[in-house]
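Below is one structure, written out as structure tokens; comments come after it.
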Protein chains: 2
Amino acid sequence: MLAAGGALEPFWALYAVHNQPHVLELLREYKVGELSPEEAAPAPAAAQDPFAGDPPRHPGLRVNSQKPFNAEPPAELLGESFLTPNELFFTRNHLPVPAVDPGTYRLRVEGPGGRGVSLSLAELRSRFPKHEVTATLQCAGNRRAEMSRVRPVKGLAWDIGAISTARWGGARLRDVLLHAGFGQEREGEWHVCFEGLDVDAGGAPYGASIPYGRAVSPAAEVLLAYEMNGQELPRDHGFPLRVVVPGVVGARSVKWLGRVAVSPAESPSHWQRNDYKGFSPCVDWDTVDFTAAPAIQELPVQSAITQPRPGAAVPAGELTVKGYAWSGGGREVVRVDVSLDGGRTWRVARLLGERPVPGRAWAWALWEVTAPVAAGAELEIVCKAVDGSYNVQPDSVAPIWNLRGVLSNAWHRVRVTVTH
Amino acid sequence: MLAAGGALEPFWALYAVHNQPHVLELLREYKVGELSPEEAAPAPAAAQDPFAGDPPRHPGLRVNSQKPFNAEPPAELLGESFLTPNELFFTRNHLPVPAVDPGTYRLRVEGPGGRGVSLSLAELRSRFPKHEVTATLQCAGNRRAEMSRVRPVKGLAWDIGAISTARWGGARLRDVLLHAGFGQEREGEWHVCFEGLDVDAGGAPYGASIPYGRAVSPAAEVLLAYEMNGQELPRDHGFPLRVVVPGVVGARSVKWLGRVAVSPAESPSHWQRNDYKGFSPCVDWDTVDFTAAPAIQELPVQSAITQPRPGAAVPAGELTVKGYAWSGGGREVVRVDVSLDGGRTWRVARLLGERPVPGRAWAWALWEVTAPVAAGAELEIVCKAVDGSYNVQPDSVAPIWNLRGVLSNAWHRVRVTVTH
């Protein structure tokens, strides 16, 4: 529809995720014929690869989609460091990476009456105290591959690595909003909307929003971040400025931030209204009603095993199992249970690192457990976490299956063989 | 130990829950002999029934313990009204109901340096604006009976009725704390501690505490309530004044409130430090370490079927299934899935009543679903709820089993037979 009256190629090139055999198969039915070479229009400049300007990436990443770029670190590396190195941090891009000139960049902060301010990077750095938060970001689609094995879903086949942790530095969104004249209290369901500088072929930006109360809460620590692990934001992670909403699904931490808008309703963006929502397993694409479910904000309690990997052969003796656990809304991980027999018996894992402040546990917990294992055994290793509200992960995937494959947080299961 | 050097009878009479055949069986081993009648001391006055002053109760309640009184409404009645009538509201008493003279009653509000105030009921009513909140209270042990069927646990065998909802009216705890000179900010892990006027045989009151941040948060709406559904608090529910902490386990909503104390640590009470905590299924009474788990505050997402009842014979045709769903921390119930085939297929239930403000959903949602059922069928009806953080209930009970039988929130299952 966006291409009506014009060339389809720019759209085809942008949504390159459609370049798949089963899509070409579907389209075959609609083939009318082929243009003779002399009738074909010259390829417009816009039909050139819109992703040609994307930055180089670390070769160790597991790539789920090249255009737009979506990739996760290998699980073994993910569990090795509390702060994920920038070049290994999972990347979830919806569109081409925009090229932003930091010298001319301005952030617009606006309200419904047209009032607002515009801020340069230098102003964002100098006018507001720099605030640092160690926060884990997780994609709603993390662990989607496990859900696809129950029944196909729409979305990229993320393994367990669409989650990473960094130390973010920047201005508090609260401070910027107060500077722009927005106060503490808003009645009703006001949101703060974010627009990225990444745009689709029709010029529409990536967008998302969070409730106003969270945006202005000192305790929620929402950042407009210009630093990631002590470095300038990498281009894949939002250079020169991104939102970081601790405890909330990654989709709301808008990258390449161009505009902040205080609004009486949530963002009209496709990704806010018609995506990133959870549904019952009984809902399919014929019956789904996107107005019937709330946009995902806080995520449920999650954990996964990063070591050993599925199918591994592990030596008899002492087996060390490692993994991560995290929950949304700042709820701390209070316990991780690990089973080596598919969930019949359990041990309590050791949580590594410092215990966070309850209610502000924005970062994951890494954990490990060591247990004797006998040669020849076939183990089904399982982990499940408990958060500060004593919420737990569900036992199995099928009852939480949903057509978009989001919110995949059942017990993580890894089968291994013990060698002699 | 409390009775050392004195008479055991007052303690035996108070902890009347010990009056059970298996306890008497255990004690038989330790029998030394019997006093001859002339050696027996006259029964002291304190050995008289300490529960003799308890109020009369509604005969429809299902009584789990008479002394102290612990009772729940029948499930069929529970699901019939959004506000639970006062006389049917579940009652969880730890000790005898104290007789409080409202004319001489004073609430003490104190801090660590000895500063504080004392307030009469008239002052609580006149000096602070009356605030009303519709909130559900749930006992940590709700649905413990299901957990006991996996393996025995210590605690009263609550069915699904240790949960009820009322419209509470009173002074905001926040307002009273500000009046007493306590400010907005506290570093570290400060708590606000509550002591009841109900005391054990050694004179120690029931006690519990909540984090300082929740106590002073306007959004958390913690009340010092003197009204319940528009009436004076009933004696069983804390007359003349009780705490109501919305979104938090009932154990912190201390009844017959005598003292509020701002403290750098949580309440030293047995019920805060050595009870009402969750543990792994691998922890037993020989290995439990009560310092290793946080005191339960916010509860996880919960739901149960109130109609039909287990074992019922229901007529063929249209079956209506009804129930409740609730989550802690003000997280609204966003969906309830119901299955008639043990969890293989699902339908989405209709949520009744008005939708709450997200994040301040203190009251449960009642729900219902209607489906055709064929004569002769054996149905396993299952429900599971999803909250605003997209947390879900676990599939089964065994993996969340814990030695105290708390936090029992697996899918609720009810088997019925369809008649002709």
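Could you say whether any residue in segment B:253-270 is within 27 Å of A:PRO358 (Cβ to Cβ) and within 14 Å of chain A (Cβ to nearest Cβ)?
The answer is yes, given that some residue of segment B:253-270 is within 27 Å of A:PRO358 (Cβ to Cβ) and within 14 Å of chain A (Cβ to nearest Cβ).
In segment A:198-211, which residue that is at pLDDT 95 or above and not hydrophobic (A, V, I, L, M, F, W, C) is surrounded by the most Cβ atoms within 10 Å (Cβ to Cβ)?
A:SER209
A:LEU78 versus (1) closer than 27 Å to A:LEU351 by Cα; (2) of a type outside the set (Asp, Glu); (3) out of contact with any helix residue (DSSP H, G or I) (no Cβ under 8 Å at 6 or more places or on another chain): which is the lone unmet condition?
So the condition that A:LEU78 fails would be (3).
From the list B:GLU380, B:GLU354, B:GLU318, which residue is closer than 30 Å to A:TRP190 by Cβ, of a type in the set (Asp, Glu) and surrounded by fewer than 16 Cβ atoms within 10 Å (Cβ to Cβ)? Walk me through it before giving the result.
Numbers: B:GLU380 fails: closer than 30 Å to A:TRP190 by Cβ; B:GLU318 fails: closer than 30 Å to A:TRP190 by Cβ.
Of B:GLU380, B:GLU354, B:GLU318, the one residue that is closer than 30 Å to A:TRP190 by Cβ, of a type in the set (Asp, Glu) and surrounded by fewer than 16 Cβ atoms within 10 Å (Cβ to Cβ) is B:GLU354.
Of the residues B:PRO96, B:PRO59, B:PRO55, which single one is under 21 Å from the mean Cα position of the chain (by Cα) and assigned by TED's automatic domain parsing to the domain that holds B:GLY258? Explain how you work it out, then say what you get.
Values: B:PRO59 fails: assigned by TED's automatic domain parsing to the domain that holds B:GLY258; B:PRO55 fails: assigned by TED's automatic domain parsing to the domain that holds B:GLY258.
Among B:PRO96, B:PRO59, B:PRO55, only B:PRO96 is under 21 Å from the mean Cα position of the chain (by Cα) and assigned by TED's automatic domain parsing to the domain that holds B:GLY258.
Given B:GLU221, B:GLU227, which one is surrounded by fewer than 23 Cβ atoms within 10 Å (Cβ to Cβ), touching a residue at least 24 places away in the same chain (Cβ under 8 Å) and more than 26 Å from B:ALA99 (Cα to Cα)? It would help to see each step written out before you state the result.
Working: B:GLU227 fails: more than 26 Å from B:ALA99 (Cα to Cα).
Answer to the selection: B:GLU221.
Quick one: which residue in B:VAL333, B:VAL392 is within 14 Å of chain A (Cβ to nearest Cβ), closer than 30 Å to A:ALA265 by Cβ, of a type in the set (A, V, I, L, M) and without any contact (Cβ under 8 Å) to a residue 60 or more places away in the chain?
Details: B:VAL392 fails: without any contact (Cβ under 8 Å) to a residue 60 or more places away in the chain.
Answer to the selection: B:VAL333.
If you go through segment B:271-296, how many residues are within 12 Å of another protein chain (Cβ to nearest Cβ) and within 20 Å of the chain's Cα centre (by Cα)?
The number of residues fulfilling the criteria is 8.
May I ask you to verify whether B:ALA375 is touching a residue at least 12 places away in the same chain (Cβ under 8 Å), within 10 Å of chain A (Cβ to nearest Cβ), of a type in the set (Gly, Ala, Ser) and in a loop (DSSP other than H, G, I, E, B)?
no
Report, by residue number, each residue of segment B:45-56 that is out of contact with any Asp or Glu (no Cβ under 7 Å at 6 or more places or on another chain) and either closer than 21 Å to B:GLY311 by Cα or surrounded by fewer than 16 Cβ atoms within 10 Å (Cβ to Cβ) (or both). Even if it seems obvious, please write down each step before you answer.
Narrowing segment B:45-56 to residues out of contact with any Asp or Glu (no Cβ under 7 Å at 6 or more places or on another chain): B:45-46, B:48-54, B:56.
Within segment B:45-56, B:ALA45, B:ALA46, B:GLN48, B:ASP49, B:ALA52, B:GLY53, B:PRO56 meet the criteria.
I'm checking my understanding of the structure. Among residues of segment B:328-343 that are assigned to a strand (DSSP E or B), of a type outside the set (Asp, Glu) and within 26 Å of the chain's Cα centre (by Cα), which one is nearest to B:TRP362 (Cα to Cα)? Give the derivation first.
Filtering segment B:328-343 down to residues assigned to a strand (DSSP E or B) leaves B:333-339, B:341.
Within this subset, residues satisfying the condition of being of a type outside the set (Asp, Glu) are B:333-336, B:338-339.
From the residues that got through so far, the ones that are within 26 Å of the chain's Cα centre (by Cα) too are B:333-336, B:338.
Working: B:VAL333: 10, B:VAL334: 13, B:ARG335: 16, B:VAL336: 17, B:VAL338: 23 Å.
Among them, the one singled out is B:VAL333.
Looking at A:LEU407, A:LEU366, A:LEU351, can you tell me which residue is outside the structural domain of A:ALA157 (by TED's automatic domain parsing), within 25 Å of A:VAL245 (Cβ to Cβ) and out of contact with any strand residue (DSSP E or B) (no Cβ under 7 Å at 6 or more places or on another chain)?
Testing whether each residue is outside the structural domain of A:ALA157 (by TED's automatic domain parsing), within 25 Å of A:VAL245 (Cβ to Cβ) and out of contact with any strand residue (DSSP E or B) (no Cβ under 7 Å at 6 or more places or on another chain) leaves just A:LEU407.
Among (1) away from every other protein chain (no Cβ under 14 Å); (2) at pLDDT below 95, there is one condition A:GLY359 misses while meeting the rest; what is its number?
(1)
Yes or no, residue by residue, for (1) of a type in the set (D, E, K, R); (2) in contact (Cβ under 8 Å) with a residue 60 or more places away in the chain; (3) under 26 Å from B:VAL392 (Cβ atoms):
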| residue | (1), (2), (3) |
| --- | --- |
| A:PRO234 | no, yes, no |
| A:HIS237 | no, yes, no |
| A:GLU266 | yes, yes, yes |
| A:ARG273 | yes, no, yes |
| A:VAL283 | no, yes, yes |
| A:THR287 | no, no, yes |
| A:PRO294 | no, no, yes |
| A:GLN307 | no, yes, no |
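Give the residues of segment B:395-407 that are within 9 Å of chain A (Cβ to nearest Cβ), in a loop (DSSP other than H, G, I, E, B) and surrounded by 24 or more Cβ atoms within 10 Å (Cβ to Cβ), sorted by residue number.
Those that are within 9 Å of chain A (Cβ to nearest Cβ), in a loop (DSSP other than H, G, I, E, B) and surrounded by 24 or more Cβ atoms within 10 Å (Cβ to Cβ): B:VAL406, B:LEU407.
Only one of these is buried (at least 18 other Cβ atoms within 10 Å of the Cβ) and in a loop (DSSP other than H, G, I, E, B): A:ALA385, A:ALA325, A:ALA304, A:ALA363. Name it. Show your work before the answer.
Details: A:ALA385 fails: in a loop (DSSP other than H, G, I, E, B); A:ALA325 fails: in a loop (DSSP other than H, G, I, E, B); A:ALA304 fails: in a loop (DSSP other than H, G, I, E, B).
The conditions single out A:ALA363.
Does segment A:189-200 hold any residues that are more than 9 Å from A:LEU95 (Cβ to Cβ) and in a loop (DSSP other than H, G, I, E, B), and which are they?
Filtering segment A:189-200 for residues more than 9 Å from A:LEU95 (Cβ to Cβ) gives A:189-195, A:197.
A:GLU189, A:TRP190 - these are the residues of segment A:189-200 that are more than 9 Å from A:LEU95 (Cβ to Cβ) and in a loop (DSSP other than H, G, I, E, B).
Quickly run through segment B:234-255 and pick out the residues that are part of a loop (DSSP other than H, G, I, E, B) and either surrounded by 23 or more Cβ atoms within 10 Å (Cβ to Cβ) or not assigned by TED's automatic domain parsing to the domain that holds B:ARG167 (or both).
Initial filter on segment B:234-255 (part of a loop (DSSP other than H, G, I, E, B)): B:234, B:238-241, B:245-247, B:249, B:253-255.
Once the filter is applied, which keeps residues that are part of a loop (DSSP other than H, G, I, E, B) and either surrounded by 23 or more Cβ atoms within 10 Å (Cβ to Cβ) or not assigned by TED's automatic domain parsing to the domain that holds B:ARG167 (or both), segment B:234-255 yields B:GLY238, B:LEU241, B:VAL245, B:PRO246, B:GLY247, B:VAL249, B:SER253, B:VAL254, B:LYS255.
Looking at the structure I just gave you, is B:THR320 more than 11 Å from every other protein chain (Cβ to nearest Cβ), outside any helix (DSSP H, G or I) and either touching a residue at least 60 places away in the same chain (Cβ under 8 Å) or more than 30 Å from B:PRO218 (Cα to Cα) (or both)? Can you show your working first?
Values: more than 11 Å from every other protein chain (Cβ to nearest Cβ): yes; outside any helix (DSSP H, G or I): yes; either touching a residue at least 60 places away in the same chain (Cβ under 8 Å) or more than 30 Å from B:PRO218 (Cα to Cα) (or both): yes.
Criteria met by B:THR320.
Mind checking which residues of segment B:378-389 are small (Gly, Ala, Ser) and facing chain A (nearest Cβ under 9 Å)? Outline the logic, then answer.
Of segment B:378-389, the ones small (Gly, Ala, Ser) are B:385, B:388-389.
Matches in segment B:378-389: B:GLY388, B:SER389.
I need a count of the residues in segment A:19-51 that are assigned to a helix (DSSP H, G or I) and modelled with pLDDT of 75 or more. Even if it seems obvious, please write down each step before you answer.
As a first pass, look at segment A:19-51 and keep what is assigned to a helix (DSSP H, G or I): A:21-28, A:45-47.
Right, trim to modelled with pLDDT of 75 or more and you get A:21-28.
Here the count works out to 8.
Would you pick out the residues in segment A:117-146 that are more than 25 Å from A:ARG331 (Cα to Cα) and among the hydrophobic types (A, V, I, L, M, F, W, C)?
Scanning segment A:117-146 gives A:VAL117, A:LEU119, A:LEU121, A:ALA122, A:LEU124, A:PHE128, A:ALA145.
The values are calculated or read from the model by the stated rules, or taken from the named source; none is laboratory data. Every value quoted in this text rests on a predicted model; they were computed, and no experiment measured them. Because the Cβ atoms are built from the backbone with ideal geometry, glycine has one as well, and the counts that use them run over all protein chains shown.
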